[in-house]
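I'd like to ask you about the structure that follows.
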Amino acid sequence: MGQSDKGARANIPVFKNEPVLVLILGLVTCGLYLIYWNIKMADVLNKASGREVISSLVAIFAGCCYPLNVYFYYLAGQCLGDVGKLIGKEEELKGKSTILLVLGIFVPMVAAMIVQGHVNELYEKQA
Amino acid sequence: MNSTKNRLSPDGELDSRSVRNRALGALVCLGAIVGSFLYAPCVTHGPVLCLSRLTVGLPCPACGLTRSFCAVAQGHFGGAFACHLFGPALFVLFAVAGPLWLVEAIRRRRIVRAPRFFFSTRVAMFFGACLALYHVARLTVMATDGQLLVSAESSLAGRLFLSVVHTFC
């Protein structure tokens, strides 16, 4: 791992959750938790990719508004490629953009669980 | 505040990834705007698209945005605010961002730099809290005037529950 990778990781805010908890809290709070989750995840993914990809304002409504949801998960899929670079799974995570886009349309909470699962790997590698 | 930047050449030229992002963003925004004009005549008797409302009868924080967008498209601004408090503001944001991103994607060059607050987590948290408070207030009103119970009874889970009760009781 290069020094630049270590530097990039140091800037990434910690937002570690059990993926299934994202699903449960999303359902129990009638989608309110997903607003918080999207805002925090947008921040984490922007920092992980080293550029402003996901606007926080898009993230607010992406938890429950369909067209924005699709856009959010498309951008999240792109950022996952950058997360993959940091955890040594670049090719594997790059290929998930399309599946995230499709899941974002039909079952956004499952897409959220997938993103959370891979972001958790980032912190596990760090530890 | 975010310290990251979009990757731009010194003259504001966008890389292919940023062009793709803008093209999809423009498609989403303009699709929503055009869709609200086309869907407006049948919005009151259209299908329930919200998974939460469909399955358990509870509206999600964004429920009412489609009706609000359609009301704005028809020029009924009072009705638009009644359907969703944030609907008209979001409509304006979409109407500005859509054409702007489309032009940027076509020209492969940034025209306007997005204000810093668009990427500020604190600003997002503030607006997110406003949306959450609005949602809780709306649920409280719906619960007190009985709308929530009617909505829950007509949802998939509600109908399943009632059919089970009728079968065994």
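The values are calculated or read from the model by the stated rules, or taken from the named source; none is laboratory data. A quick note: this is a predicted structure, and the numbers were derived from the prediction, not measured. With ideal geometry, Cβ positions are generated from the backbone for all residues, glycine too; neighbour counts draw on all protein chains shown.
Checking B:Ile111 against (1) more than 25 Å from A:Ile35 (Cα to Cα); (2) outside any loop (DSSP other than H, G, I, E, B), which single condition isn't satisfied?
(2)
Next question. Among the residues of region A:33-54, write down those that are at the interface with chain B (Cβ under 7 Å from one of its Cβ atoms) and either of a type outside the set (A, V, I, L, M, F, W, C) or surrounded by fewer than 21 Cβ atoms within 10 Å (Cβ to Cβ) (or both).
Matches in region A:33-54: A:Tyr36, A:Asp43, A:Asn46, A:Lys47, A:Gly50, A:Arg51, A:Glu52.
Those residues that are surrounded by fewer than 16 Cβ atoms within 10 Å (Cβ to Cβ), closer than 28 Å to A:Ile54 by Cα and touching a residue at least 24 places away in the same chain (Cβ under 8 Å), I need them from region B:36-59; list them, please.
Result: B:Phe37, single match.
Got a sec? Which helices (runs of 4 or more DSSP H) wholly within region A:86-127 have at least 3 residues that are at pLDDT below 80 and not β-branched (Val, Ile, Thr)? I'd like the intermediate steps shown before the answer.
Details: elements: A:90-94, A:97-106, A:108-126.
Those helices (runs of 4 or more DSSP H) span A:90-94.
Taking helices (runs of 4 or more DSSP H) that fall entirely within region B:114-169, which contain at least 1 residues that are facing chain A (nearest Cβ under 8 Å)? Before the answer, list the steps.
Values: elements: B:121-144, B:147-154, B:156-168.
Those helices (runs of 4 or more DSSP H) span B:121-144.
So B:Leu38 passes all but one of these: (1) under 28 Å from B:Phe118 (Cα atoms); (2) more than 11 Å from every other protein chain (Cβ to nearest Cβ). Which condition number does it fail?
The one condition B:Leu38 does not meet is (1).
Residues B:Leu30, B:Leu85: which one is outside any helix (DSSP H, G or I) and either loosely packed, with under 15 Cβ neighbours inside 10 Å or not small (Gly, Ala, Ser) (or both)?
Details: B:Leu30 fails: outside any helix (DSSP H, G or I).
Of B:Leu30, B:Leu85, the one residue that is outside any helix (DSSP H, G or I) and either loosely packed, with under 15 Cβ neighbours inside 10 Å or not small (Gly, Ala, Ser) (or both) is B:Leu85.
If you don't mind, there's one more thing I want to ask. In region A:59-71, is there at least one residue being part of a helix (DSSP H, G or I) and farther than 26 Å from B:Thr66 by Cβ? Spell out how you get there, then give the answer.
Our first condition is that a residue be part of a helix (DSSP H, G or I); within region A:59-71, this holds for A:59-62, A:66-71.
Adding the requirement that they be farther than 26 Å from B:Thr66 by Cβ leaves none.
Looking through region A:59-71, none of the residues is part of a helix (DSSP H, G or I) and farther than 26 Å from B:Thr66 by Cβ.
Among the residues of region B:144-155, write down those that are of a type in the set (A, V, I, L, M, F, W, C) and surrounded by 14 or more Cβ atoms within 10 Å (Cβ to Cβ).
Residues of region B:144-155 that are of a type in the set (A, V, I, L, M, F, W, C), as a first pass: B:148-150, B:152.
Passing the criteria: B:Leu148, B:Ala152.
Any residue at all in region A:73-84 that's in contact with an Asp or Glu (Cβ under 9 Å, 6 or more places away or on another chain) and among the aliphatic types (A, V, I, L, M)? First the steps, then the outcome.
Applying the first criterion (in contact with an Asp or Glu (Cβ under 9 Å, 6 or more places away or on another chain)) to region A:73-84 yields A:81-84.
Still in the list and also among the aliphatic types (A, V, I, L, M): A:83.
The answer is yes; a qualifying residue exists.
Considering only region B:44-58, how many residues are closer than 18 Å to A:Val28 by Cβ, over 13 Å from the mean Cα position of the chain (by Cα) and in a loop (DSSP other than H, G, I, E, B)? Step through it out loud before you land on a result.
Residues of region B:44-58 closer than 18 Å to A:Val28 by Cβ: B:50-58.
Narrowing further to those that are over 13 Å from the mean Cα position of the chain (by Cα): B:51-58.
Retained after the next criterion (residues that are in a loop (DSSP other than H, G, I, E, B)): B:56-58.
Adding up the residues that qualify gives 3.
Let me ask something else about it. Across region B:60-114, what is the total count of residues that are under 10 Å from the mean Cα position of the chain (by Cα) and of a type in the set (Val, Ile, Thr)?
1
Name the single residue, out of those in region B:60-82 being surrounded by fewer than 17 Cβ atoms within 10 Å (Cβ to Cβ) and hydrophobic (A, V, I, L, M, F, W, C), that is farthest from the other protein chains (Cβ to nearest Cβ).
Initial filter on region B:60-82 (surrounded by fewer than 17 Cβ atoms within 10 Å (Cβ to Cβ)): B:74-79, B:81-82.
Applying the additional criterion that residues be hydrophobic (A, V, I, L, M, F, W, C) yields B:77, B:81-82.
Working: B:Phe77: 20, B:Phe81: 17, B:Ala82: 18 Å.
If we take residues in region B:60-82 being surrounded by fewer than 17 Cβ atoms within 10 Å (Cβ to Cβ) and hydrophobic (A, V, I, L, M, F, W, C), then B:Phe77 is farthest from the other protein chains (Cβ to nearest Cβ).
Kindly evaluate A:Leu57 against the criterion of being surrounded by 20 or more Cβ atoms within 10 Å (Cβ to Cβ), within 26 Å of B:His135 (Cβ to Cβ) and modelled with pLDDT of 85 or more. Step through it out loud before you land on a result.
Details: surrounded by 20 or more Cβ atoms within 10 Å (Cβ to Cβ): yes; within 26 Å of B:His135 (Cβ to Cβ): yes; modelled with pLDDT of 85 or more: no.
For A:Leu57, the condition - surrounded by 20 or more Cβ atoms within 10 Å (Cβ to Cβ), within 26 Å of B:His135 (Cβ to Cβ) and modelled with pLDDT of 85 or more - is not met.
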